[in-house]
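Have a look at the structure below, then the notes.
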Amino acid sequence: MDFLTLLQVLDTSVRLATPLLLACLAGLYSERSGVVDIGLEGKMLAAAFFSAAFAFYSGNAWLGLLAGIGAAMVLALIHGLASVTFRGNQLISGVAINFLAAGMTVLAAQSWFRQGGRTPPLEGAARFNPIELPFAIGPTEAAAVDRPLSQLIAEANPLQQFYSELISGHSILVYLALLTVPATWWLLFRTRFGLRLRAVGENPAAVDTAGVSVVWLRYAAILLCGVLCGVAGAYLSTALQAGFVKDMTAGRGFIALAALIFAKWRPVYALWACLLFGLFQALELRPDIIENVSGIKVQVQLLGALPYILTVVILAGFVGKAIPPRASGEPYIKER
Amino acid sequence: MDKMPKWADIVLIPIISLLLAAFFSALVILAIGENPVEALKLMIDGALMRSAGWGYTLYYATNFIFTGLAVSVAFHARLFNIGGEGQAMVGGLGVALVCLYIPWPHWSLAILGASVGAALFGAAWAYLPAVLQAKRGSHIVITTIMFNFIAAALLNYVLVEWLRPIGAMDPASAKFPGATHLPSFQDMFSTADTPMFRGAPANVTFFLALVACVVVWMLIWKTRLGYEIRAFGQSETAAKYAGISPVRITVIAMLISGALAGMMSVNTTMGESERLILNSTEGAGFIGIAVALMGRNHPFGVLLAAILFGFLYQGGAELALWTSIPRELIVVIQALVILFTGALDNMVRAPLEKVFIALRRRNV
Amino acid sequence: MTAPAIELKGISKAFGPVQANKDISISVQPGTIHGIIGENGAGKSTLMSILYGFYKADAGEIFIKGERTAIPDSQAAIAAGIGMVFQHFKLVENFTVLENIILGAEDGAMLNTSLGNARSELKHLADEYGLNVDPDEIIENLSVGHQQRVEILKALYRKAEILILDEPTGVLTPSEADQLFRILDRLREEGKTIILITHKLREIMEYTNTVSVMRRGQMTATVKTDETSPEHLAELMVGRKVLLRVDKDAAEPGASVLDIKGLRVVDDTGVERVKGIDLNVRAGEIVGIAGVAGNGQSELLEVLGGFAEGTGEIMMNGAVIPLSGHGADGQARRASGISHVPEDRQREGLIMEFAAWENTVFGYHQEPEIQNGLLMDNKGIFSEAEAKMQRFDVRPPDPKLAAKNFSGGNQQKIVLAREIERNPDLLLIGQPTRGVDIGAIEFIHQQIVSLRDQGKAILLVSVELDEIMSLSDRIVVMFDGHITGERDPKHTNEKELGLLMAGITDTSAVAGNGGNDTTEQEVHADG
């Protein structure tokens, strides 16, 4: 495998890791506050549909993004209602939200567009298009000399290849997602809000008796989770792909959840975990690469299951023990 | 004192939750520009007013009884088996192998063999998540979700690479031999003059499902194992004190759960399609969650809830046929039922408890 | 006369059908320690939780320094100058001391400034009141006594003028408790008002200025401490004269039933809890294990009961029983003649959601006598349960009622009935009267003594020193996983045992001589 192929695979990994990373950080806020969220998938899916639909109607990807965030936040509020206000089972609530999104997106898509549960394809400003960073070789340069972009990059020096292929040419949401990592770290470990958020996931009674509202904190975390799921969903339908198709999240919410466990609920680890899982997904698209490198012919079906299999291996604790926030999954009930 | 009488807990709360789910479903139907009353009429008409409709309703109900019981048994051990879907898929593989490779003389023997195959394969698929939960503390909800995806990949692989007849295009096994054909309701109940359940897929497996209800009921409430499962589900620390091994109970409860989920495919794979196809489970494993919640983890409740969901499924198919409402409406209703009977249980319960306490005060 | 620091008027609170507080009025003078004493479930903790804004009262008014104050939540309580140290600490275990102290009382949105400010303030408070703790230590690495200091510091950091302590000495060694009271004295001198909830009459008599007694949700009396006596308070608490003594004859021990040699127990987190102990219990005697909670007694019981693993040698009637792996579970132990009334009946001894009748075979449910072929003989179990509940005076005697619907004492009777009627050779019994009302305490103690008189071996673990002293025929003291001493209850006293419980084995200075006067048992009532 040559350097350029490697860069291409890594480039795809970054693209595929982005929704995982956003969803993973979304889950991180929720679970750090003590609310387990297996409804990341549903929130992403709803956001993907509403972003695509609104981007299609408005022709503006940013309005689509807002709509997606709104949709994910509505589902997040339902989760908050069930798991915080009514102290219900958080897992069951998550399951319900996943189904609600799976059903509602198709119903709404069918009702609005009548194209068998999809939105019409998005074009131009209705999508988040790749950004060319300064000094990178991109489509503009290729158009100027009227040659294919791939040729230009192939001829460039390795540093330029690295910069143009891997660093440049992503949509703004990719860079945003990467920035979310240090932002989350800072928020969690350097601010009052972060201290309280982490505390409420460890011992809500301590927060309550310290005069801080457990309910408010958990809602804040759940809503932050909704916002990030919204961005993740919008990225899927308006950046990674051009439009919504039924069930387009395809288990990403669950992979993000697995990445969260793998990352031991830490933002920087989450980045690495998601990049790793993104790499798996990228390789799934290019089974020939593995074959070339390892000489083993891999079954595509089994390669598709690889992230899930690895997740189970991770969960089994053979790769370090993952200890969740102590109060996670437990509704807070003042003792009698 | 309990806060409210038992009947309110068992009957009233599920009914209120169901009405809430129905109300929101009606809103959804209104929102997509259809008439909910008309829709309900269509559903009842298509699912309940003709014997063929019942034939479909009960066919679906059979699936949901198995998956509902599967989720219930695990719930009794406080395990949330969200992997019924994968276990049913792999159970289907068991059915297919038994039907394809063993020369059965008669369907009555074949169904027993297929049940064993389905149960074993389904249980096997639940085994690893169970062991990981019991011994390594890997959260069973996450692992069973992952196992659903892995099962789908596995089944795809097996069908494409192994079981697909040479020259065939679609990923499906060969047709099962004729001796494994299960009598359908049409075969059983039609007379020469009055055809019944014409063309409907309901078959003798329905009675197997009824037997499963009785067996699960006996197991949970009448046997030592059931006692241990319930005790463990209520309190792990107490179970340890009593000498009940958490590892053993976790594994056994999940094996039973997986076996029940797997047995669903006797109905779909052997009873209906008569060959193994890619997506024979059609989400029935997940509907088991709604059925178990709604049926309060009691086999009789599961039976009723399964029939209700069978009705919704068949009715939903009718709707998709005659109106512009897609079948996914059922997924929404299912979500709402899970939401109201499961996650938002306290929303319904708390005001009711207040009412009962107030009533009791007045009576005192 | 100055306005009272706190005045409550007509406070009422119901939880569903249960009236926890009924028309309670109380007034506490500033700069005093005010005790609140009452039986289990009398409503003490509920009342204080209302004062701290943890619960909302259904009716009534709160006055702080003469001003009517609404306390809808803990924030309002903190603003009104009230601090509370709960029985179970409200600390974030994997945070540092400093982080716990600023939580909810930070200066501004940035953490670093808050932490910096708190550090100097903490030093100041530590010097002023003798409350020394390392601000950068993680809570879970601190001793219980130090964790309690953090709770007090939290309150002081929030400028609390009124400090409520709920059963503060339950988890402390006698010397830690002494230190606590020295700190409280200092706080009182500084003009702070302290409310002390306790069930220990001695603490009330020694340290408080005034005391209020609660019974069944009502305030029965408020008296000056110098003008009352323990007997009088006890009577106020239960509404009748109580016998605070256990009547028993001298033990006539027989052959050794249980022999423990070099037992070690490592818990789930890898900490060694029992560090090589030797112990034996003979037929017809009660061996009491004294110690502050968390010094290995619980783990000892768990290993003997078969639900924790250990190393070393344990012989039951001369036969070695396995301590790990196969044969080291509760059912195997029961088969070898060990019955076990566990320390925590709600989490271990009973399945709270199960009906009483189902609970009467819990742990024995595999026994062949109660099977009917493949199924359990539920009818037989039910009628046997009915009879058992009669014999043990369980109220209400309804086997269909779920265990959670019985009072603490009646729950304990269900467990006792199950374990004693199995006719064991050895009875393990942990915290027999924790959370049990006085009437039931007498009954339970009688049952234990009568089992001993039938020639059974009994190993008793209790953190209530008085219970240990009045029931035991032999007292063994545990500290930090070791046995620090063995004493004859007739020839020791609380001071000597207290030193042993703190790990000090040289007790010559206080060695007891006929400490019979201390076997009087206190009235138990935890909030």
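Every residue, every condition in (1) within 14 Å of chain A (Cβ to nearest Cβ); (2) touching a helix residue (DSSP H, G or I) at 6+ places or on another chain (Cβ under 7 Å); (3) polar (S, T, N, Q), yes or no:
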position: B:MET263; (1), (2), (3): no, yes, no
position: B:ARG275; (1), (2), (3): no, no, no
position: B:MET294; (1), (2), (3): yes, yes, no
position: B:ASN297; (1), (2), (3): yes, yes, yes
position: B:VAL302; (1), (2), (3): no, yes, no
position: B:LEU319; (1), (2), (3): yes, yes, no
position: B:MET347; (1), (2), (3): yes, no, no
position: B:PRO351; (1), (2), (3): yes, no, no
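Quick check on my filter: what residues within the stretch A:84-99 are in a helix (DSSP H, G or I) and facing chain B (nearest Cβ under 7 Å)? Selection gives A:LEU91, A:ILE92, A:SER93, A:VAL95, A:ALA96, A:PHE99. Residues in the stretch C:58-72 that are within 14 Å of chain A (Cβ to nearest Cβ) and either at pLDDT 95 or above or crowded, with 17+ Cβ neighbours inside 10 Å (or both): C:ILE71 only.
Quick check on this structure: which one of B:ILE357, B:ILE289, B:ILE330 is in contact (Cβ under 8 Å) with a residue 40 or more places away in the chain and crowded, with 19+ Cβ neighbours inside 10 Å?
Details: B:ILE357 fails: crowded, with 19+ Cβ neighbours inside 10 Å; B:ILE330 fails: in contact (Cβ under 8 Å) with a residue 40 or more places away in the chain.
On inspection, the qualifying residue turns out to be B:ILE289.
Would you check if there is a residue in the stretch B:59-77 being surrounded by 20 or more Cβ atoms within 10 Å (Cβ to Cβ), aromatic (Phe, Trp, Tyr) and over 26 Å from B:LEU344 (Cα atoms)? The answer is yes, given that some residue of the stretch B:59-77 is surrounded by 20 or more Cβ atoms within 10 Å (Cβ to Cβ), aromatic (Phe, Trp, Tyr) and over 26 Å from B:LEU344 (Cα atoms).
What about C:LEU156, is it within 13 Å of another protein chain (Cβ to nearest Cβ), touching a residue at least 24 places away in the same chain (Cβ under 8 Å) and buried (at least 20 other Cβ atoms within 10 Å of the Cβ)? In short, no.
Scan the stretch A:108-123 residue by residue and report those that are touching a residue at least 12 places away in the same chain (Cβ under 8 Å) and at the interface with chain B (Cβ under 8 Å from one of its Cβ atoms). A:ALA108, A:GLY117 - these are the residues of the stretch A:108-123 that are touching a residue at least 12 places away in the same chain (Cβ under 8 Å) and at the interface with chain B (Cβ under 8 Å from one of its Cβ atoms).
On the basis of being within 14 Å of another protein chain (Cβ to nearest Cβ) and under 30 Å from B:SER245 (Cα atoms), does B:LEU128 make the cut? It is true that B:LEU128 is within 14 Å of another protein chain (Cβ to nearest Cβ) and under 30 Å from B:SER245 (Cα atoms). Close contacts from the stretch A:296-317, counting a first residue that is within 7 Å of chain B (Cβ to nearest Cβ) and at negative phi and a second that is surrounded by 15 or more Cβ atoms within 10 Å (Cβ to Cβ) and among the acidic types (Asp, Glu), with Cβ to Cβ under 7 Å and a gap of 6+ residues or different chains, come to A:GLY304/A:GLU284.
Within the stretch B:113-123, the residues that satisfy the criterion of being among the hydrophobic types (A, V, I, L, M, F, W, C) and either under 11 Å from B:MET270 (Cβ atoms) or touching a Pro at 6+ places or on another chain (Cβ under 9 Å) (or both) are B:ALA114, B:ALA118. If you filter the stretch B:131-140 down to residues that are touching a Gly at 6+ places or on another chain (Cβ under 9 Å) and at pLDDT 90 or above, you find that the one that is farthest from the other protein chains (Cβ to nearest Cβ) is B:ILE140. Only one of the listed residues (A:THR238, A:THR209) is within 14 Å of chain C (Cβ to nearest Cβ), crowded, with 24+ Cβ neighbours inside 10 Å and among the hydroxyl-bearing types (Ser, Thr, Tyr). That residue is A:THR209.
Of the residues making up the stretch B:23-34, those that are in contact (Cβ under 8 Å) with a residue 12 or more places away in the chain and more than 14 Å from chain A (Cβ to nearest Cβ) number 0.
Somewhere in the stretch A:56-72, is a residue farther than 30 Å from B:VAL71 by Cα and either within 14 Å of chain B (Cβ to nearest Cβ) or assigned to a loop (DSSP other than H, G, I, E, B) (or both)? For the stretch A:56-72, residues farther than 30 Å from B:VAL71 by Cα and either within 14 Å of chain B (Cβ to nearest Cβ) or assigned to a loop (DSSP other than H, G, I, E, B) (or both): present. Restricted to the stretch C:301-320, and to residues there that are surrounded by 15 or more Cβ atoms within 10 Å (Cβ to Cβ) and away from chain B (no Cβ under 13 Å), the residue that is nearest to the chain's Cα centre (by Cα) is C:GLY310.
Results for (1) away from chain A (no Cβ under 14 Å); (2) part of a helix (DSSP H, G or I); (3) among the basic types (Lys, Arg), shown as yes or no for each residue.
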site	(1), (2), (3)
B:ALA21	no, yes, no
B:LYS41	yes, yes, yes
B:ILE44	yes, yes, no
B:GLY53	yes, yes, no
B:ALA61	yes, yes, no
B:PHE64	yes, yes, no
B:ALA88	yes, yes, no
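Kindly establish whether B:ALA192 is small (Gly, Ala, Ser), more than 8 Å from every other protein chain (Cβ to nearest Cβ) and in a loop (DSSP other than H, G, I, E, B).
yes
The values are calculated or read from the model by the stated rules, or taken from the named source; none is laboratory data. All values reported here derive from a predicted model rather than from experimental measurement. When we count neighbours, we look across all protein chains shown, and the Cβ atoms used for this are built from the backbone with ideal geometry, even at glycine.
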